[in-house]
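Shown next, in structure tokens, is the structure this report addresses.
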Amino acid sequence: MSRKVTRRKFMAATAAGAVAATFKFPAPAIAQAAPFKLGLLTIKTGPLAQGGIQMEQGVITYLKEKDNTFAGRKVDFVSADTGGSPAGAKTKAQELVERDKVDTIVGPLAAFELLAITDYIAQAKTPLLSLAAAEDLTQRRPNPYFLRASACSSQAMHPMADYAAKEMKLKNMITISEDFAFGYEQMGGFQQTFEDNGGRILKKLWPPLATPDYTPYLAQIADCDGVCQGFAGGNPLKFMKQYGSAGLKFPVVTGQTGGDDALLRSYGDEAIGLVSCCPYTLDAETEANKRFVAGMQKNFNLDPGFYAAGLYINCMVIDAALTKAGGKSDDKAEFMKALRSVSLSDTPRGPVKFDHLGNAVGNFYIRNCEKVGGKLVNKTVKTYTNVSQFWTYDEQKFLQQPVYSRDFPPLKS
Amino acid sequence: MTIRFFTLIAAFAALVTVPYWMPGIYYVNVSSQILFYAIFALGLNVLVGYAGLVSLGHAGLFGVTAYATGYMLQLGFGHPAAILIALVISLIAMAIFAALSLRSTGIGFIMITLALGEILWGLAYRWISLTGGDNGLSLKTRPEPFGYSLSDVNTFYYATLVVFLLSLAAMAVFVRSPLGAALMGTRDQPRRMNALGYHVWAIRFYACLFSGLLTAVSAILFVYYTQFISPQTLALTSSAEVLLMVISGGPGTLLGPIVGATLVVAVKTVVSGFIERWNFLLGAIFVAIVILMPEGLVPGTVRLWRLAWRKRAPGTTPVPGGAEAKP
Amino acid sequence: MNFWLVLAVNSITFGGLLFLLSAGFSLIFGLMRIPNLTHGSLFMLGAYIGVTFVLGIHGFQLNFWLAAVLATLSVAALGALAERFLLRRMPGDQLAQVLVTLGLSFMAADLCLMIWGGDPISVPTPPELDGFARFGVLVFPAYRLAIIVIAIVFAIGLWLLLDRTRLGAMIRAGVDDPDMARVVGIRVSQLFTIVFALGAGLAAFAGIIGGPILSVYPGLDQDMLPLALVVVILGGTGSLLGSFVGSIIIGFIYNFGQALLPELAYFVLFLPMLLVLLLRPQGLFGRHVP
């Protein structure tokens, strides 16, 4: 009798268990069948196409390495070209969210594109991981659905200034960068840390974005012992060439875009001696970086730089978050929580985790540009670890000061 | 009942029912964009098509309205007040623009408008306290006229459609009015008009104001649609883009700019999702239009249609009804 | 002192480059009344084609000057084709000309992106000029001084062409009065093709000559076209002297304006252009009001 009861109980228990299983855990079986939709907002036409094309290359390299699978789910990858305008970014963001129903968006490239879509993204509750460096999106106007695994504009410049003051022993510098927010934020960060370490910024020069000839500005670079430049896109090339031909010999330091590894194939000898600070460096000695670089060379026959690495790492973060969430991405708020809690130790840039505002905390590498075997390479000379967007400053105090702008911090002279 | 009448009725019916047959809200949004860019193109066409004055600076005026709206909202004004003030500011800006530009005609007018557009673009970048520089201005909310929230995609579409139809009606009235006829006169024969006693400068000035009004209306719809304005919108490429809409569609026609706007917006938003080299494609389409239909898509299509009819039935009355050229 | 000297000399060199860029536009617009909005694209194409041969393609490498000649000739040929098969179909129809030239510039820009990619390309300075010229205290890059020489040579060459040759006389006749020129028997259509090819070639030459200073990158066409327009407006269309003097003046305004009035850096070129248009629409040396 007990056997009968046991068997019936056993059957009942199994049935109950099966029913419970169907109700409680239907997700894995079904979710693993539904593909994970990844959208990329990038720029593939027009003057900003350089970075945009590299961003897509980074994503494709990761997808190929992982055989198009994140946490057991197949990845549906949709790439959208915003054309480099804020209206285009908004339209394409809408296309990805409303038409393609993506689970997560990576990109866009430019800060002004990100600013155009930030409210929409929060409203549509779609997680977004971008390289765009606009400071306030993780400082004074944080967006809960935004994550930045690279760096905000000034994040690389704080360690650069520290290195310039302490190791390069520079005292009086002139800054020059394009006349827009990315330039202001970079130079502002540099100035604050440089002056805190006993240095002084003599002049701040701001050539407009489309300046063919920098000579009117180069003529003003004198009586200093170093120059800090923050050019982006193709402009660092023009600037360094014209700087060299003007006969200027002061050491030049720069940030993540000025000394980008991907630009080295375009630079000439004028880049030798350029010191840059970047969250990614080609010669980082992590396993992930070895795989990444090999993948980029196999797929595209190119050495990667900051843009491709940034998107590769974004994909790593999404993959890790999806694994953490058990393959579930339907509850956007929960998925966002998983994304923010990701902490990776082996990525192309080394360890990466996020602060409570969604900005990355990780290594920053100081590199010196040298010529090795006829080719330009960036050699890492110092690594700053655990660098956050606030550097060594108290977070509350930092957020109380205005965002870095053309006039903040003000010139002491 | 002519073919033209039926086509227009069908088009109207299609427009009114867009949210029902478009495959998804994304396409309804694209339709809204086509409509307000069409209003922008209609506004530019007043000058390019009917006055014979090519402007390469209209994006600057477009930007002035958009920034004015955004800035007024930031100052704390409600939507109706912000829109009204923005319209007034735009008309003043257009008046200044016209006063400066109308000192010249032909290529001089093109160059002055280009210079003014570039100056406005530079101002948008540098006057950071007003415009936010390249960080731009965000608009947090959309208006809710009569209780209908424009944040809803379909409601926004219908609001845009209403404004579009009103603008189109205004254009039709303008073109058929004495002022419109005088304007076309100044385009074709300025010296004769002058000799006949018409004040050519004043006629052109009023045309500029009308053009500015339509531009301002489209800019307000634009800025509420994207809820963001930054200096890129005032760049030379934006002015060139709307000019291309007018020329490719057919300057001097009512429907031409609408077709041109549809072409450019469709390629930029929808086709670019399927074809990576859409920029090349757009350029190739323009070149093809110039080769096959140099007068524009609308007049060209009408011409080819008539040619086809004549070839099919030689000797019979060529055009079934509606023989007059499209105004 | 050094500061002023450097700016002054650079004004002339930048002016020289602008002259090479705008002379072609001025000729085309002066003779054919075509606002050639592909001019920036032709500049960029010349730079891309030139740098391809300087850096070497499939092992085939040319020295800088030969590469410049090759680039000039190939773009001139493209210009002739564009004029013969496209622009000739719409004489006098300025709107159609704007549409086709803008359409061609879109196609050219995307084509360059497809062929050469998005990365900027540094154009190596010709080794014989890759140094400094010293004049007492002043040290100036030799290549930039060479540009002044090249610009002057071309200015003189073009002037001789226009003033002393039969072709030049025909061009000048066409600029002054195309209808009368036709009546007198000048083959104006053929002339148009030659002039357009010449203008396109000049733009391409300017592109590769400017390469060592500006480098080549997507978007170069959009950066250079407004500069050409400003020079032509200021100097006056159809006037070679106007282009030359206008270029030098713009060179000075650009250099000193950007250095001394950084707040107005965005307006430093367009404000003078606007003033000239309002006060003297034909430019400084223009023959007739455009």
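The values are calculated or read from the model by the stated rules, or taken from the named source; none is laboratory data. Note that the structure is a prediction, hence the values are computed from the model and not measured. Quick reminder, even Gly has a Cβ in these numbers, built from the backbone with ideal geometry, and neighbours come from all protein chains shown.
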I need the full set of residues from region A:87-106 which are part of a loop (DSSP other than H, G, I, E, B) and out of contact with any helix residue (DSSP H, G or I) (no Cβ under 6 Å at 6 or more places or on another chain), in order please. A:D100, A:K101, A:D103
Here are B:T131, B:T113: which of them is under 30 Å from B:G52 (Cα atoms) and within 14 Å of chain C (Cβ to nearest Cβ)? B:T113
Is it the case that region A:231-239 has a residue that's among the aliphatic types (A, V, I, L, M), within 7 Å of chain C (Cβ to nearest Cβ), within 25 Å of C:R144 (Cα to Cα) and touching a helix residue (DSSP H, G or I) at 6+ places or on another chain (Cβ under 7 Å)? yes
The number of residues in region A:274-312 that are assigned to a loop (DSSP other than H, G, I, E, B), crowded, with 24+ Cβ neighbours inside 10 Å and over 14 Å from the mean Cα position of the chain (by Cα) is 2
Quick one: which residue in A:G39, A:G58, A:G84, A:G46 is touching a residue at least 24 places away in the same chain (Cβ under 8 Å) and part of a helix (DSSP H, G or I)? A:G58
Residue that is nearest to the other protein chains (Cβ to nearest Cβ), among those in region A:199-222 that are more than 13 Å from C:G257 (Cα to Cα) and either in a helix (DSSP H, G or I) or aromatic (F, W, Y) (or both): A:W206
The number of residues in region A:355-413 that are acidic (D, E) and under 17 Å from the mean Cα position of the chain (by Cα) is 1
Are there any pairs with C-beta distances below 8 angstrom linking a residue in region B:276-292 that is part of a loop (DSSP other than H, G, I, E, B) to a residue that is of a type in the set (D, E, K, R), with the two at least 6 apart or on different chains, and if so which? B:E276/A:K44; B:E276/A:D81; B:R277/C:D110
Scan region B:92-111 and tell me whether some residue there is in a loop (DSSP other than H, G, I, E, B), aliphatic (A, V, I, L, M) and modelled with pLDDT of 90 or more. yes
Being within 19 Å of B:L91 (Cα to Cα), at pLDDT below 95, within 14 Å of chain A (Cβ to nearest Cβ) and crowded, with 20+ Cβ neighbours inside 10 Å, is that true of even one residue in region B:234-248? yes
With respect to the numbered conditions (1) surrounded by fewer than 21 Cβ atoms within 10 Å (Cβ to Cβ); (2) modelled with pLDDT of 90 or more; (3) not polar (S, T, N, Q), which one is the sole condition not fulfilled by A:V387? (1)
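Yes or no, residue by residue, for (1) assigned to a loop (DSSP other than H, G, I, E, B); (2) among the charged types (D, E, K, R):
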position	(1), (2)
A:N314	no, no
A:L322	no, no
A:S329	yes, no
A:R367	no, yes
A:K371	no, yes
A:L376	no, no
A:N386	no, no
Only one of (1) within 30 Å of C:Q61 (Cβ to Cβ); (2) within 11 Å of another protein chain (Cβ to nearest Cβ) fails for C:R134. Which number is that? (1)
What number of residues within region C:87-104 are under 17 Å from C:L31 (Cβ atoms), surrounded by fewer than 22 Cβ atoms within 10 Å (Cβ to Cβ) and either of a type outside the set (D, E) or more than 9 Å from chain B (Cβ to nearest Cβ) (or both)? 5
Of the residues C:F29, C:F60, C:F14, only one is without any contact (Cβ under 8 Å) to a residue 60 or more places away in the chain and aromatic (F, W, Y); which? C:F60
Mind checking which helices (runs of 4 or more DSSP H) fall wholly inside region B:1-84 and carry at least 1 residues that are surrounded by fewer than 16 Cβ atoms within 10 Å (Cβ to Cβ)? B:3-16, B:18-21, B:58-75
